[in-house]
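Asker: Dropping the structure in here first, questions after.
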Amino acid sequence: MKSSAAVKALGALAQERRLAIFRLLVQQGPEGLTPGAIADKLGLAAPTLSFHLKELSNAGLITFTQEGRFIVYAADFTATRELVEFLYHNCCGVGVEGCGPECVPSINLKVARSKAKALRSKK
């Protein structure tokens, strides 16, 4: 990830409502949500939500797909991972691999992957 893309993504997240939308979409997983569901869960008006979705999309943090007559928004997990990796790139001067446990994110990727796999198999 280039610095300019990281700045754009971090700038998009540096707003309370956009951060809430992004976190909701991350929580929802790859299935995503329709704008109506996002608006209901966060209590946002349609025009406000539309503006924030556009900003997150332009920053490359979320994607959208047309499903019939509905649009479904989802977090772009690849872009999110790239942003986190960019932030940790030279952690402790050697990269994440050389860091102690205090520097490594507390998310247990093995557990997260197994949960994601279980969710996909239920479909």
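The values are calculated or read from the model by the stated rules, or taken from the named source; none is laboratory data. For clarity, every value in this text was computed on a predicted model and none was experimentally measured. All Cβ positions, glycine included, derive from the backbone under ideal geometry; neighbour counts span all protein chains shown.
Quick grid of which residues meet (1) closer than 28 Å to His89 by Cα; (2) surrounded by fewer than 16 Cβ atoms within 10 Å (Cβ to Cβ); (3) in contact with a Leu (Cβ under 9 Å, 6 or more places away or on another chain); (4) not aliphatic (A, V, I, L, M):
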| residue | (1), (2), (3), (4) |
| --- | --- |
| Ser3 | yes, yes, no, yes |
| Val7 | yes, yes, no, no |
| Leu10 | yes, yes, yes, no |
| Leu33 | no, no, yes, no |
| Ala59 | yes, no, yes, no |
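Asker: From the list Arg23, Arg69, Arg18, exactly one residue is among the basic types (Lys, Arg), under 13 Å from the mean Cα position of the chain (by Cα) and surrounded by fewer than 14 Cβ atoms within 10 Å (Cβ to Cβ). Which is it?
Answerer: Just a single option satisfies the conditions, and that option is Arg23.
Asker: How do the pairs read when you match residues in segment 65-86 that are more than 13 Å from Ala6 (Cβ to Cβ) and modelled with pLDDT of 90 or more with residues anywhere that are hydroxyl-bearing (Ser, Thr, Tyr) and surrounded by fewer than 17 Cβ atoms within 10 Å (Cβ to Cβ), using Cβ under 7 Å and keeping only pairs 6 or more apart or on different chains?
Answerer: Taking only residues 6 or more apart or on different chains, the pairs are Phe70/Thr34; Ile71/Thr34; Val72/Thr34; Val72/Thr65.
Asker: Right, here's the next one. Among the residues of segment 35-46, what is the count of those that are surrounded by 12 or more Cβ atoms within 10 Å (Cβ to Cβ) and part of a loop (DSSP other than H, G, I, E, B)?
Answerer: 1
Asker: In segment 48-64, what count of residues is obtained for those that are in a helix (DSSP H, G or I), under 16 Å from Leu24 (Cβ atoms) and touching a residue at least 40 places away in the same chain (Cβ under 8 Å)?
Answerer: 2
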